[in-house]
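Structure, as structure tokens:
Any read-out appearing in this document is the output of simple, stated calculations on the displayed coordinates, not a laboratory observation. Given the structure is predicted, the values throughout are model-derived calculations rather than measurements. Here the Cβ positions follow ideal geometry from the backbone for every residue, glycine too, while neighbour counts run over all protein chains shown.
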Amino acid sequence: MFDYHVHTLFSEDSTASMESQCEAAIARGIRQIAFTEHEDYNPKDPTSFYFKHADYMAELQRCRALFAGRLIIRAGIEVSEPHRFPDLCDPVLAAYEWDFVLGSLHWLSKDVNTYWPEFFEHTGDWRRSMQLYFEEAVRLVETGDFDVLAHIDYPTRYNRELIVGEYDIRDFESEVREILRAVVACGKGIEINTNPMRSGRQPNPADAVIHWYREMGGEILTIGTDSHTPSHTGLHMPEAVQIARAAGFTHLATFERRNLTLVPIE
Ligand SMILES: [Zn+2]
Ligand SMILES: [Zn+2]
């Protein structure tokens, strides 16, 4: 089991030490962990320019030595909208030995954060807002520099009271398949983000999408908890592995220095 989406205090929205996250991962049977800290450039985002890369790399080296033989630790980064900020993002990706880069769409545009109620409200129709999100995700995949697309239907985690009726990602099949087509064509991957499973919901994205992805030739799949605190690290991993297996995946993706290795699911 590999947790490929974990935050520590190097992200603005976490207070967890890297060491405590490593201990939690080992306790839950995780063998490989990627610390994917927030890298944001949108001037309105509180996390923008918060991530101190050199300090992170030093702490990562310390933890690698401390947990040697028990846990493989990957140097990751979760870049928000890398397609909009290549001039800022490219030098960061070139300056350090990153193992794994997650690409995320947290801001629909420079003014609309998908975490805010405004995201659903600004179009007057939450379904329209989701369509715009999925369309922007295609642009992100086609032009952003990253390895795996994070949490495909991320905005549905928040402000659920503004979703009128049921949210079912299958209602957006054509939009989501456009994203998956771009992911496969660009040699990138997607993740099963287990964060919503902690609230009894389907992961981001739900199992139907993992099936579509496999059907369309998708091979690069990671699983991540998006944990910001040790009590969430490694949670719901067995269920997520089961979703991958049921969709026809026999391997999960791992990355070292941004090179892909597919590891058989045991
Ligand atoms: Zn994210
Ligand atoms: Zn995250």
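Data table
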read-out: Loop sites in the stretch 1-94: chymotrypsin sites (Phe, Trp or Tyr not before Pro), DSSP, at most 11 other Cβ within 10 Å; value: none
read-out: Whole-angstrom gap from the stretch 42-93 to the stretch 241-266, using each part's C-alpha centre; value: 23
read-out: For Ala34, residues with placed amide H under 5 Å, excluding near neighbours; value: Asp3, Tyr4, His5, Val6, Arg74
read-out: Loop GluC sites (Glu not before Pro), the stretch 145-192 (other Cβ atoms within 10 Å of the site Cβ: 12 or fewer; DSSP); value: Glu166
read-out: Of the chymotrypsin sites (Phe, Trp or Tyr not before Pro) in the stretch 144-179, those whose Cβ has at most 11 other Cβ within 10 Å and which sit in DSSP loop; value: none
read-out: Charge dipole magnitude, Cβ of K and R +1, D and E -1 - the stretch 121-193, Cα centre, debye nearest 20; value: 80
read-out: C-alpha center-to-center spacing [the stretch 166-202, the stretch 18-37] in angstrom; value: 25
read-out: Distribution of pairwise C-alpha distances over the chain, 5 Å bins, in %; value: 1, 6, 14, 19, 21, 18, 13, 7, 2, 0, 0
read-out: Extension gain from Ser199 to Gln61, taking 0.36 nm per residue of separation minus the Cα-Cα distance; value: 46.3 nm
read-out: Contour excess over end-to-end distance, with Cα ends at Glu178 and Lys52 and 0.36 nm allotted per residue; value: 41.9 nm
read-out: Dipole in debye (nearest 20) - the stretch 2-264, about Cα centre, beta carbon charges: Lys, Arg +1; Asp, Glu -1; value: 760
read-out: The chain: DSSP helices with Cα axial extent of at least 15 Å and average Kyte-Doolittle hydropathy no lower than 0.0; value: 173-185
read-out: Selected from Gln32, Gln61, Gln131 as most flexible by GNM, with the chain as the system and alpha-carbon contacts under 10 Å; value: Gln61
read-out: Selected from Gly187, Phe172, Gln202, residue furthest toward positive end of dipole (the stretch 106-244; charges at beta carbon); value: Gln202
read-out: Inter-label distance, nm, simple model (7 Å from Cα along the C-beta direction), Ala94/Arg128; value: 4.2
read-out: Extension gain, Arg170 back to Leu262 (0.36 nm per residue minus Cα-Cα distance, nm); value: 30.3 nm
read-out: Computed magnitude of the charge dipole of the stretch 1-126 (debye, nearest 20; Cβ of K, R +1, Cβ of D, E -1); value: 640
read-out: Sorted by Cβ density within 10 Å, fewest first, the residues Val79, Val164; value: Val164, Val79
read-out: Order of Leu221, Leu132, Leu102, Leu162 under a 10 Å beta carbon neighbour criterion, fewest first; value: Leu162, Leu132, Leu221, Leu102
